[in-house]
Amino acid sequence: GGSAAWVRLRVWIADSSGRAALTLDVGNGQAGAARREACFTIRCDVAALNALGNRLVRWVTTDDPGLRVELAADV
């Protein structure tokens, strides 16, 4: 259980055709053997990033415990 001590989202626009990338970097802020971190990048389209942004705003401003957004794209 528990939650991440930090979460960083970075977005890059790859080209004028609507291709982008989202990097998610998370960590629990612990030291030593308790330390946990993950960093990965997902290629997606700009419309998917817009949908993710809208869902994040709704998730943060409501009591909804879940968040799921499809980022897969043919890129």
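Just the residues that are outside any loop (DSSP other than H, G, I, E, B) and open to solvent by less than 80 Å² (accessible area, probe 1.4 Å), please, taken from the range 12-38.
Ala20, Ala21, Leu22, Thr23, Leu24, Asp25, Val26, Gly27, Gly32, Ala34, Ala38
Any chance the range 40-55 includes a residue that's assigned to a helix (DSSP H, G or I) and on the phi > 0 side of the Ramachandran plot?
No; the residues of the range 40-55 include none that is assigned to a helix (DSSP H, G or I) and on the phi > 0 side of the Ramachandran plot.
The values are calculated or read from the model by the stated rules, or taken from the named source; none is laboratory data. From a predicted model like this one, the values you see are computed outputs, not experimental measurements. Areas reflect the complete protein model, heavy atoms only, side chains present, ligands, DNA and RNA absent. Shrake-Rupley method; radii C 1.70, N 1.55, O 1.52, S 1.80 Å.
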